[in-house]
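The values are calculated or read from the model by the stated rules, or taken from the named source; none is laboratory data. Since this is a predicted model, take the numbers as computed values, not measurements. Cβ: placed from backbone, ideal geometry, glycine included. Neighbour counts: every protein chain shown.
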Amino acid sequence: MTLSCFDLGEQMISVDEARQALATLIERPLGSESISLAQAHGRRLAATVQAPINVPQNTNAAMDGVALALPKRGVGAKQAHWPLAGEVLAGQYRRELVPAGHCVRITTGAPLPPGTDTVVMSEQLRESLDEQPAHVIIASPELLKHGQHVRQAGEDIAIGDTALPEGHGLMRRLWGF
């Protein structure tokens, strides 16, 4: 059916008649099928997708710097010199506990190692290689806040949360997949 305002002339139709006319333009029910993601461009999800993992998967550094343990109460730290106990790069995981009073160099996205809960960004640090082991010196340690520059596991999407709702349109990114 094609509905045109010119077909009606001067005559007005009721809201119910308009709804019935519009309903004839919609095909129902829509079927669903399983296809590969590569073929899904322009399609809509038939069912809600629940997150099978946390996003991010691990509690991680939101920026480059050092990871350390900072007391939960109050702001800041009295300690300005922190011995380096290693480093963790994005894509790596350190299983060893970082000793109390020590820190590890860390890059953006790297999982926080056990024994750490706070990241101090590189711009707030000076490195002292004269001492052994090597130390970092934190500028203005009194301004540090517990948990700063840390992204918690599941902070964006937690396991079981809705990742994509039913009816969500799928589009191919310009860089392809």
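Among the residues of the range 147-165, is there at least one that is more than 19 Å from Gln50 (Cα to Cα) and touching a Leu at 6+ places or on another chain (Cβ under 7 Å)? Taking every residue of the range 147-165 in turn, at least one turns out to be more than 19 Å from Gln50 (Cα to Cα) and touching a Leu at 6+ places or on another chain (Cβ under 7 Å). Among the residues of the range 109-142, the one identified as touching a His at 6+ places or on another chain (Cβ under 7 Å) and part of a loop (DSSP other than H, G, I, E, B) is Asp117.
Could you look through the range 139-154, keep only residues that are at pLDDT below 95 and surrounded by 15 or more Cβ atoms within 10 Å (Cβ to Cβ), and pick out the one that is farthest from Ala69 (Cα to Cα)? Checked the range 139-154; the qualifying residue farthest from Ala69 (Cα to Cα) is Pro141.
Out of Ala67, Ala51, report the one residue that is closer than 14 Å to Val119 by Cα and within 22 Å of the chain's Cα centre (by Cα). Walk me through how you get there before you give the answer.
On the way: Ala51 fails: closer than 14 Å to Val119 by Cα.
After applying the criteria, what remains is Ala67.
Tell me, yes or no, whether the range 155-166 has at least one residue that is within 12 Å of Gly65 (Cα to Cα) and assigned to a loop (DSSP other than H, G, I, E, B). Reasoning before the result, please.
First, pick out the residues of the range 155-166 that are within 12 Å of Gly65 (Cα to Cα): none.
Within the range 155-166 (the criterion being within 12 Å of Gly65 (Cα to Cα) and assigned to a loop (DSSP other than H, G, I, E, B)), the answer is no, since none of the residues qualifies.
The lone criterion from (1) among the polar types (S, T, N, Q); (2) farther than 30 Å from Ser34 by Cα; (3) surrounded by 13 or more Cβ atoms within 10 Å (Cβ to Cβ) left unmet by Asn54 is number (2). When the range 79-110 is examined, which residues are found to be surrounded by 21 or more Cβ atoms within 10 Å (Cβ to Cβ) and within 19 Å of the chain's Cα centre (by Cα)? Result: Ile106, Ala110.
Listed by first and then second residue, the pairs linking a residue in the range 102-128 that is under 18 Å from Gln92 (Cβ atoms) to a residue that is surrounded by fewer than 23 Cβ atoms within 10 Å (Cβ to Cβ) and of a type in the set (Ser, Thr, Tyr), with Cβ atoms under 8 Å apart and 6 or more places separating them unless they lie on different chains, are Pro111/Thr59; Pro111/Tyr93; Leu112/Thr59; Pro113/Tyr93. Of the residues making up the range 72-108, those that are touching a His at 6+ places or on another chain (Cβ under 7 Å) and farther than 13 Å from Ile138 by Cα are Lys72, Ala85. Pull up the range 40-51, narrow it to residues that are surrounded by 12 or more Cβ atoms within 10 Å (Cβ to Cβ) and of a type in the set (Gly, Ala, Ser), then point me to the one that is farthest from Ala110 (Cα to Cα). Restricting to residues being surrounded by 12 or more Cβ atoms within 10 Å (Cβ to Cβ) and of a type in the set (Gly, Ala, Ser), the top hit is Ala46.
Taking Pro133, is it of a type outside the set (Phe, Trp, Tyr), more than 30 Å from Ala47 (Cα to Cα), touching a strand residue (DSSP E or B) at 6+ places or on another chain (Cβ under 7 Å) and surrounded by fewer than 12 Cβ atoms within 10 Å (Cβ to Cβ)?
Criteria met by Pro133.
Selection of first residues in the range 13-37 that are at pLDDT 85 or above and of second residues that are surrounded by 10 or more Cβ atoms within 10 Å (Cβ to Cβ), restricted to Cβ pairs under 7 Å at least 6 apart or on distinct chains, gives the following pairs, ordered by first then second residue: Ala21/Leu3; Ser32/Ala46.
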